[in-house]
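Where a number appears in this text, it was derived from the coordinates with a stated rule and is not lab data. Computed from a predicted model, the values in this text were never measured in an experiment. Every residue, glycine among them, receives a Cβ derived from its backbone with ideal geometry; neighbour counts consider all protein chains shown.
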Amino acid sequence: MTKRLLHNAHVIDPEAGTVSRGDIRIENGMITQVSQSPLSANPNEHAVDCHGKYLAPGIIDIGVKVCEPGERHKESFKSAGLAAAAGGITTMVTRPDTTPAIDSPETLEFIARRANQATPVNVMPMAALTKGRNGREMSEIGFLIDAGAIAFTDCDHVVSNPKVFARALSYACALGALVIAHPQEPTLSKGAAATSGKFASLRGLPAVSAMAERMGLDRDIALIEMTGARYHADQITTARALPALERAKANGLDITAGTSIHHLTLNELDVADYRTFFKVKPPLRSEEDRKAVVAAVRTGLIDIISSMHTPQDEESKRLPFEEAASGAVALETLLPAALRLFHAGDLELPQLFRALSFNPAKRLGLPAGRMTPGAPADLLLFDAHAPFVLNRFTLLSKSKNTPFDEARMQGRVLATFVAGEPVYEASI
Amino acid sequence: MSFTDKHLLGIEPLRPEAITEILDLADKYVALNRGALKHSDVLAGLTQINMFFENSTRTQASFELAGKRLGADVMNMAMQASSIKKGETLIDTALTLNAMHPDILVVRHPHSGAVDLLAQKVNCTVLNAGDGQHEHPTQALLDGLTIRRAKGRLHRLNIAICGDIVHSRVARSNIILLGKMENRIRLIGPPTLMPAGIAELGCEVYQDMREGLHDVDVVMMLRLQKERMDGGFIPSEREYYHRYGLNAEKLQYAKSNAIVMHPGPMNRGVEIDGEIADDINRSVIQEQVEMGVAVRMAAMDLLARNLRGGPTPSEVTV
């Protein structure tokens, strides 16, 4: 492995909450030295001049959907891996909501093998909490952990039977497994394509009250209290759910929460005249909700920002809004979209990378996400200011369903390193 | 020329002058329709296709008649019976139709926004004949015309819209149109049938019908859309009729010359008492049907002019 010296960078350390000029030395895939005073390159070292750009721990993205097995035409490990590398994501934590669902050690081993062959970035697969994500019987949690499952989730399927969910939580708890759930009251949100309110009423779209998320979270909190499980809410997107989350954390429950980049940067009005690329799950919220969620990321109440990368082909989006599939690709737009919050003055860069890199690593028990000697050299070099207009057809994902098509954005990845090796370098 | 749009997809994009222009022309077509010779040639040589992805008798008949009276070649396609069942997407259906070179496409679809989507993909003029729970612009225009003819104006009136508002595209289009024309709008119905955030549109919301009907000039009843209800919006039809059905007693609270409207088809004894519906002194329900044909003729005439890129040499003479 090459020894490298990344010098003349602005180093973002989310753990310390600092941005400072610095140099970083890499050996054997690990960070070995971080220095604020300039280091001089050893003769056997490959020196990289960062030209004063930002160097941050690579993004750890919880909840990436790679459509293998089942729908490789939408996204494969190869295409997702290239997109992730180009987006500064060094670890993809993949979702099990494939066809079939990843609910057995055999399927998990299959995708782990596929992932290692095809992607330049780290892949940590999650497994389904219940068989077939049906919410009836728990999956083989123990065997799945042995096969490498990093967390358990039924994704957007809510385990609606509290008895089944409580058992799965306590079983997972005994094995120390993290359960990731989608806080939502499914009987209220069934068939909904928008958040209820003036906009949905005017557009005549079936809508769900923002309260459905609070109800789902409240139920889950009660069950965590009952079972003591390790729990992460995949997406908290409404103001009304935040006090419940705050209380649960204050009560010492093992709970964390994430949110998606789309709920942080877009609101329901962006749907405008039924633009299906803006159809995500849960649906986009009001501007008040968006602001509240941004503030919660700032204070650390919401721990993690994810892309919730969900590839959909053109056919499943070119339909009337109610019929169109939900989800958006976001591996390559996660960073520039998140930088909107930085440029708007909502979040400082260390706060941003705390939610993008440090907290996800901490929650999953990974050594990455830090800028300290001994951490893996999974790094991201980026220019926070470079402006561009996004053309969705330039995305490396097989599916091009991004809501940011033709959007003006700022921030480009210059290089991505995984274990000290460059997996992406921008052509300048 | 105020109405210069290519399509008529909803009331929302229309300016008040455009609405007035359509209604003014519709008035002329009412006269034509009441004459002995009910024919004009303004759409001669043009092809009109009525695509109804949802069952309809009255609206489809009204559009068909309007097209035929203006000399268009009219074709009806009952879409709910055909290709949709074979798995064809809306876009493919649109492209197939596009290849037949229609000039005017009249579309009804069960999903909100579907007609907008279709309009983006075809080269001809598209008229929205109702999309999901979004808009039904020609219904609002015909209601506006009916009110204007009965009341002599379409502004500064107190108008009550009653009943199943949440499922009603007619209500949405009317709220927008009557608001643009500067009327005071009251919405009356049980909270379960009231869309969220509707008061933010500048409507007054009432749960008590008598209170809501107090001193109104127009009472617009809506059909209880039982087919769109998956259980539990109202306790029973008889309780609904008791609280929200329009009868002579409740109508007393409105102005003595208030008119009663209903977009049809009516559920007699559910939202409206049969006697009120048939009372020729109060009910303008039959006029609404008549205005429907005239308004659709006017809308298609104006759209066809826009399609040709200017006014036709043969202005309407009646």
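Under 5 Å from the amide H of A:ALA426 lie the amide H atoms of A:ALA415, each residue being 5 or more positions distant or on a separate chain, with H modelled from the backbone and absent for Pro and chain starts. Coupling constants for segment A:285-296 follow from the phi torsions by the Karplus curve (6.51 cos²θ - 1.76 cosθ + 1.60, θ = phi - 60°), and in residue order they are 10, 6, 5, 4, 4, 4, 5, 5, 6, 4, 4, 5 Hz; glycine and proline get x. Legend: mean number of C-beta atoms from other chains within 10 angstrom of residue C-beta atoms, peptide A:228-237, equals 0. Hey, how many Å between the Cα centroid of segment A:254-280 and the Cα centroid of segment B:66-136? Using only Cα atoms, the two centres lie 31 Å from each other. Each label point was placed 7 Å from the Cα along the Cα-to-Cβ direction; for A:ARG72 and B:MET100 their separation is 4.1 nm. Applying 1/(1 + (r/R0)^6) with R0 = 25 Å to the Cβ-Cβ distance of A:THR18 and A:HIS51 gives a FRET efficiency near 0.80. When peptides A:87-95, B:148-156 are sorted by average Cβ neighbour count within 10 Å, with the highest value leading, the order is A:87-95, B:148-156.
Ignoring aspartates and glutamates fewer than eight residues from A:LYS291 along the same chain, the ones with Cα atoms less than 20 angstrom from its Cα are A:GLU213, A:ASP234, A:GLU246, A:GLU268, A:ASP270, A:ASP303, A:ASP346, A:GLU348. When DSSP beta bridges are restricted to pairs lying wholly in the protein assembly as shown, around 30% turn out antiparallel. Dividing the convex hull volume of the alpha carbon atoms of segment A:192-256 by its residue count gives 73 Å³ per residue. For B:LEU246, the amide hydrogen comes within under 5 Å of the amide hydrogens of B:ILE272, B:ASP273, counting only partners 5 or more places away or on other chains and with H modelled in the peptide plane.
For peptide B:109-122, the mean count of partner chain Cβ atoms within 10 Å of a residue's Cβ comes to 5.
Helix B:137-151 and the longest principal axis of the Cα set of chain B meet at an angle near 60°.
Note on B:VAL122, A:VAL208, A:VAL297: ascending count of other Cβ atoms within 10 Å places them as B:VAL122, A:VAL208, A:VAL297, the fewest first. Comparing segment A:69-141 with the 2.2 N^0.38 Å rule of thumb, its C-alpha radius of gyration ratio is 1.12 (two decimals).
Let me know the mean shielding of A:272-278 by other chains, meaning the per-residue number of their Cβ atoms within 10 Å of its Cβ.
That works out to 3 on average.
Normalising by residue count, segment A:181-332 has a Cα convex hull of 104 Å³ per residue.
Here the calculated FRET efficiency for A:GLN36 and A:THR394, from their Cβ-Cβ distance with R0 = 35 Å, stands at 0.40, rounded to the nearest 0.05. Neighbours of A:GLN36 by Cβ distance under 12 Å: Lys/Arg scored +1, Asp/Glu scored -1, total -1.
Only aspartates and glutamates eight or more places from A:LYS3 in sequence, or on another chain, were considered; those with a Cα closer than 12 Å are A:GLU27, A:GLU45, A:GLU421.
Relative to its residue count, the protein assembly as shown spans a Cα convex hull of 169 Å³ per residue.
A P(r) calculated from all alpha carbon pairs of segment B:20-98, with 5 Å bins opening at zero, reads 3, 13, 19, 19, 18, 12, 8, 6, 2, 0 percent. The alpha carbon radius of gyration of chain A, expressed as a multiple of 2.2 N^0.38 Å, is 0.94.
Is there a pair in B:LYS6/B:LYS38; A:LYS249/A:LYS400; B:LYS38/B:LYS255; A:LYS131/A:LYS279 whose C-alpha atoms are over 29 Å apart, and which pairs would that be?
A:LYS249/A:LYS400; B:LYS38/B:LYS255
Would you please classify the overall shape of segment A:261-310 from the alpha carbon gyration tensor, given that a ≥ b ≥ c denote the square roots of the eigenvalues, rounded means a/c under 1.5, and beyond that prolate means a/b larger than b/c while oblate covers the rest? Oblate, because a/c is 1.5 or more while a/b does not exceed b/c.
So which aspartates and glutamates can B:LYS250 reach, going by Cα to Cα under 18 Å and dropping same-chain residues fewer than 8 places off? Straight-line reach from B:LYS250, under 18 Å: B:ASP164, B:ASP208, B:GLU211, B:ASP215, B:ASP217, B:GLU237, B:GLU239, B:GLU271, B:ASP273, B:GLU275, B:ASP278, B:ASP279.
Each of the peptides B:47-56, B:276-285, A:377-386 was scored by the mean count of other Cβ atoms within 10 Å over its residues; in descending order, highest first, they stand as A:377-386, B:47-56, B:276-285.
Taking Cα atoms only, the orientation of helix A:211-227 departs from the longest principal axis of chain A by about 80 degrees.
What is the sum of charges, Lys and Arg at +1 and Asp and Glu at -1, for the other residues whose Cβ falls under 10 Å from the Cβ of B:GLY130? Net charge around B:GLY130: -1.
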